[in-house]
Amino acid sequence: MALLLWLLLWGVLPLGAQEKTRLPGETRHDTTLIRPGTTPRSTVPAPPSSPGVLSVPGQSLQDPDKKRIDIEQADFLEFNEAIVANAQRLIGNVRIRHNEVLMWCDSAYAYNGTNRVDAFGNVHINQGDTAHLYADMIYYDGDRSFARAIKNVRLVNKSTTLFSDTVDYDLVPNMGYYDDNGKIIDSTNVLTSQIARYFVDEDIVYFYQNVVGYNDKYRLESDTVKYNTATGIFYIQGPTTIRDSVNTIYAEDGWYDSRTGEAQLLKNPLVYNEKQQMKGDVIDYDRNKGYGKARGMIEIIDIDNNIIVKGRNAWFDEITETAFITDSALFIMVSEGDSLFLHADTLKTVADTIPDEKIIKAFNGVRFYRTDLQGKCDSLVYFSRDSTIQLHREPVLWSEIHQMSADYIEMMTYNPAPDEVHLRNNAFIISRQDSVMFDQVKGKNMTGFIVNEQLDHIFVDGNGQTIYYARDKGNTIGLNRAESSKLAIQFREGKAHRISFLGNPEGKLTPIPQLSDEERHLAGFDWKEKIRPLSREDIFRKTSPSSVAPSSQPEEPETAPSSQPEEPALVPAGEEK
């Protein structure tokens, strides 16, 4: 008998399995079949006003001092101690009320002296016209304000529905929970997890273990998430990945609005796709606008172009493919042999006219370092399509013993070599031989050719002047000064090896003992070794007023900084400024 009771309570054995087949005209009140015209034992007849329906208003199944369960309706009511001790069996159109809880079902056991009910078949519980709980079977304990729903369970609140095989429902906090897989569907999202706690009054669900949320715009995977069913906002409380049609975002703290696509990522945040990725201490992201901003230790990686950009403040717009980086901004052009490190007060990336190519602009106090090349200028433009670099406003380059300066410098990379350096207006090259001897070339415009990371030869076009120390068998014999409208100079081991004069040259060789200090330098000579970057860390050193950062950073904008630094004019690669 105990086994039979257990099977009944847990829905393993249908109620009908304990009954014999009814004959036409038979009515069941207990385990005995009652023929028409006979009187059943231990039955309560239906009142005359409601033929065939048992209605017992105010009938209490417990002590009068306790809030009681009221059986408001049933087709039949029977007692049989042999089946279930101290319980009434209610059959057909059952309706029971306890405080603000109303229950409907096909059949039930109501236990005398307690507020316990075991309900079977199309069970429906409602509390205060808020949440509705549906299941094939519900165990209800009114003394504990607790219900356990089993099989085909649905907990419905407004537009939100929880599905699971088993749900425990705590009526005091109005909270339903499952721990063996379930699903919640609302007007926006579908969410599944192994464990969930649904606080109905607060419209809050806590999901744990194997959490998945999705609609047609995104897919979320997490270990722990808090979700607001009214707003569609996820509160990230553990490792979480969210994928949309463009990007994947990851964070371990923060929030994500599944309706608007807005997010704030607070712990180990990352936004990435196949072409690039962004890290930061805090990332704000708007999926629909394609806009975001980041703060803290920021790192942006351009995978296709082998570029890394770092800083402490960043704004990016995916639609216009524009980004700003400020505060300790660092640009790294990655190379297998040697990477270039560049610092400026502000970095900006924009889309080139060529698909998937970028233009990177650096403003104010630009300094860069590579083991074979260093430089400084006020502003710089880099083209990823051909690795061309344009230097504006007082640019200077250093390579080994050479210093190159002009009003404008452009570096162009070719494969195969040589690479080219174009110096436009007031071009000046200085090659240091020792502490007092400097070979010098000056002219209007120059083009230098780099082979194996060394200056190989240069052409001077317009107002060419040169002084270089003449050598004979390794000994310096004098200073050779020459002028010509055009010059061609060949270098060997960093020294002027051969000079070709095109036009009508003028030259003079002065022995070393006869040289005055003025004769050792061309007009405009300025050896700028003190401002030369000496390492990748040294690029952050401030060296002149023109490179000092502004006293305040631009305010954070909605789509871009409200005030932008003055940009250098773009010069098409290979053309003179």
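The values are calculated or read from the model by the stated rules, or taken from the named source; none is laboratory data. Everything quoted here is computed from the prediction, not taken from an experiment. Note that each Cβ is placed from the backbone with ideal geometry, even for glycine, and that neighbours are counted across all protein chains shown.
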With the first residue restricted to the range 133-146 and required to be without any contact (Cβ under 8 Å) to a residue 24 or more places away in the chain and assigned to a strand (DSSP E or B), and the second required to be surrounded by fewer than 18 Cβ atoms within 10 Å (Cβ to Cβ) and not β-branched (V, I, T), Cβ contacts under 6 Å at 6 or more apart or on different chains are Y134/H124; Y134/R154
On the basis of being of a type in the set (D, E), surrounded by fewer than 11 Cβ atoms within 10 Å (Cβ to Cβ) and modelled with pLDDT of 70 or more, does D538 make the cut? no
Look at the range 152-163 and say how many of its residues are closer than 23 Å to S107 by Cβ and buried (at least 20 other Cβ atoms within 10 Å of the Cβ). 2
For the range 445-460, indicate whether the set of residues that are within 28 Å of D352 (Cβ to Cβ) and of a type in the set (G, A, S) is non-empty. yes
Going through the range 287-306 in order, the residues found to be surrounded by 20 or more Cβ atoms within 10 Å (Cβ to Cβ) and among the aliphatic types (A, V, I, L, M) are A294, I298, I300
Check S379, S387, S405 and return the single one that is small (G, A, S) and within 30 Å of R520 (Cβ to Cβ). S405
Is it the case, given these coordinates, that R424 is charged (D, E, K, R), at pLDDT 90 or above, within 27 Å of K358 (Cα to Cα) and surrounded by fewer than 21 Cβ atoms within 10 Å (Cβ to Cβ)? yes
Name the single residue that is surrounded by the fewest Cβ atoms within 10 Å (Cβ to Cβ) among those in the range 427-445 being outside any strand (DSSP E or B) and free of Cβ contacts under 8 Å to residues at least 40 places away in the same chain. S435
Boolean, A147 is closer than 23 Å to E202 by Cβ, at pLDDT 95 or above, out of contact with any Leu (no Cβ under 6 Å at 6 or more places or on another chain) and of a type outside the set (F, W, Y): yes
Leading residue by the ranking (nearest to I83 (Cα to Cα)) among those in the range 121-151 that are aromatic (F, W, Y) and surrounded by fewer than 22 Cβ atoms within 10 Å (Cβ to Cβ): Y139
Exactly one of Y235, Y256 is in contact with a strand residue (DSSP E or B) (Cβ under 7 Å, 6 or more places away or on another chain) and over 30 Å from D302 (Cβ atoms), and that one is Y235
Filter the range 446-471 down to residues that are under 25 Å from N425 (Cβ atoms) and hydroxyl-bearing (S, T, Y) and give me whichever is surrounded by the fewest Cβ atoms within 10 Å (Cβ to Cβ). T447
Please go through the range 484-522 and pick out each residue that is among the acidic types (D, E) and either at negative phi or surrounded by 16 or more Cβ atoms within 10 Å (Cβ to Cβ) (or both). E506, D517, E518, E519
Filter the range 319-344 down to residues that are surrounded by 21 or more Cβ atoms within 10 Å (Cβ to Cβ) and over 20 Å from M411 (Cα atoms) and give me whichever is nearest to the chain's Cα centre (by Cα). A323
How many residues does the range 110-128 hold that are of a type outside the set (G, A, S), free of Cβ contacts under 8 Å to residues at least 60 places away in the same chain and in a strand (DSSP E or B)? 9
Residue in the range 327-346 that is within 30 Å of Q264 (Cβ to Cβ) and of a type in the set (D, E, K, R) present: yes
Enumerate the pairs (first residue in the range 168-186 and assigned to a loop (DSSP other than H, G, I, E, B); second residue anywhere and of a type in the set (S, T, N, Q) and crowded, with 23+ Cβ neighbours inside 10 Å) with beta-carbon separation below 6 Å, excluding pairs fewer than 6 apart on the same chain, so at least 6 apart or on different chains. D186/T229
Limited to the range 157-174, what total is found for residues that are modelled with pLDDT of 95 or more and aliphatic (A, V, I, L, M)? 2
Selection status of V200, under 28 Å from T166 (Cα atoms), touching a residue at least 40 places away in the same chain (Cβ under 8 Å) and surrounded by 17 or more Cβ atoms within 10 Å (Cβ to Cβ): yes
